[in-house]
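Notes to accompany the following structure.
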Amino acid sequence: MRLTSILKIAVVALPLVFTSCGSRKKVIKEPVSLTPEMKAKADFISNVQNRAQTVKFLTSKVKFSVEVGPQKLTLTGNLKMKRDDVIRLQLMAFGFVEAGRIELTKDYVLIMDRINKQYLKAPWMSVDFLRNSGIDFNTLQSLFWNELFRPSKTIVEKHPTDSVADYALLDSGDDMIISLEQGKMDYSWLASRNTALIKMANILYKDRFNGNTQLNWDYDEFEKLNKSYFPMKSAITLTTPEKEVKLGMTLNYIGAETEWETRTEISNKYREVTVDEILRRFMSL
């Protein structure tokens, strides 16, 4: 496959997978007294939340697989994350040339096409498909770090006594299903009853006129990281009424490198492109 085709799929499809579902609704409730059933629910949700990683940095070499319709490809790259600061994906061509970069911070989304010297850098809420879906940095960080989240918040409170009534908790064999419904959005997580590890996260946007959009993120092969565990494999599927995009992400190891620049400087040799250009490129695949 030509390098330009790789860039069309990988550099464009990856950020769209990560920015397609969500909600920014904020629900304020008065404190409630917990029944024994609600207390058990709160305890389990708290156990899942208490798995949150305490490490500041996580780095790894990564193998990516991308599938958009009949087109499939495999790329290598790097994942670098600094907690509460940045998520960076570097896509490599031929194993040593950086072909593309996706950098997510609390302030902006940056997508770079290294081959064609193009980039998009914009605040989260200035990008239509981010603003409309309500996806923000905290939501994506929770998905990358394998953590439970509430819309527009990093993670569930340590003692979710006031908000636990919003959740439903169902038995599913050896697992438990945590679910939350807010307006047109449905959120659900499949967590191990014994380990409280999240095996799957699902976000569904319901649109009876244009069709539903769904993001499903499966986690597998957990390895020890500090006092908790981290998934070495992720399988991410974005399903829209028009397309299905699949992304596989396999980490080679769990590292904690700190000697890297957390912000990318953009050369004046790069041309800034619009969101519409990126979307047109994606839809033409």
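The values are calculated or read from the model by the stated rules, or taken from the named source; none is laboratory data. Since this is a predicted model, take the numbers as computed values, not measurements. Cβ placement follows ideal geometry from the backbone for every residue including glycine, while neighbour counts extend to all protein chains displayed. Ligands, DNA and RNA are excluded from the accessible area calculation, which covers all protein heavy atoms including side chains. Shrake-Rupley method; radii C 1.70, N 1.55, O 1.52, S 1.80 Å.
Looking at the stretch 50-102, which chymotrypsin sites (Phe, Trp or Tyr not before Pro) are DSSP coil and have at most 15 other C-beta atoms within 10 Å of their C-beta?
Numbers: sites: Phe57, Phe64, Phe94, Phe96; in loops: Phe94, Phe96.
Within the stretch 50-102, the qualifying chymotrypsin sites (Phe, Trp or Tyr not before Pro) (loop, at most 15 other Cβ atoms within 10 Å) are Phe94, Phe96.
Heavy-atom accessible area of Glu257 with all protein chains present, probe 1.4 Å, nearest 10 Å²?
Estimated to the nearest 10 Å², Glu257 gives 80 Å².
If you average over every viewing direction, what projected area does the convex hull of the Cα atoms of the stretch 177-285 give, in nm²?
Details: hull surface 43.6 nm².
Computing the convex hull of the Cα atoms and averaging its projections yields 10.9 nm².
If you filter the stretch 173-222 for chymotrypsin sites (Phe, Trp or Tyr not before Pro), then keep DSSP loop positions with at most 12 other Cβ within 10 Å, what is left?
Phe209
Tell me, what HN-Hα J-couplings in whole Hz come from the Karplus equation 6.51 cos²θ - 1.76 cosθ + 1.60 at θ = phi - 60° for each residue of the stretch 176-192, using x for Gly and Pro?
Along the stretch 176-192, the couplings run 10, 9, 9, 9, 8, 10, 9, x, 7, 9, 10, 10, 8, 9, 9, 10, 5 Hz.
Which whole number of Å³ per residue matches the convex hull of the alpha-carbon atoms in the stretch 54-119? Spell out each step's value before the answer.
On the way: hull volume 7.3 nm³, N = 66.
Cα convex hull per residue, to the nearest whole number: 110 Å³.
Which of the pairs Lys184/Lys246; Lys72/Lys233; Lys63/Lys246; Lys56/Lys117; Lys63/Lys243 have their Cα atoms more than 20 Å apart in this structure?
Violating the 20 Å limit, Cα to Cα: Lys184/Lys246; Lys56/Lys117; Lys63/Lys243.
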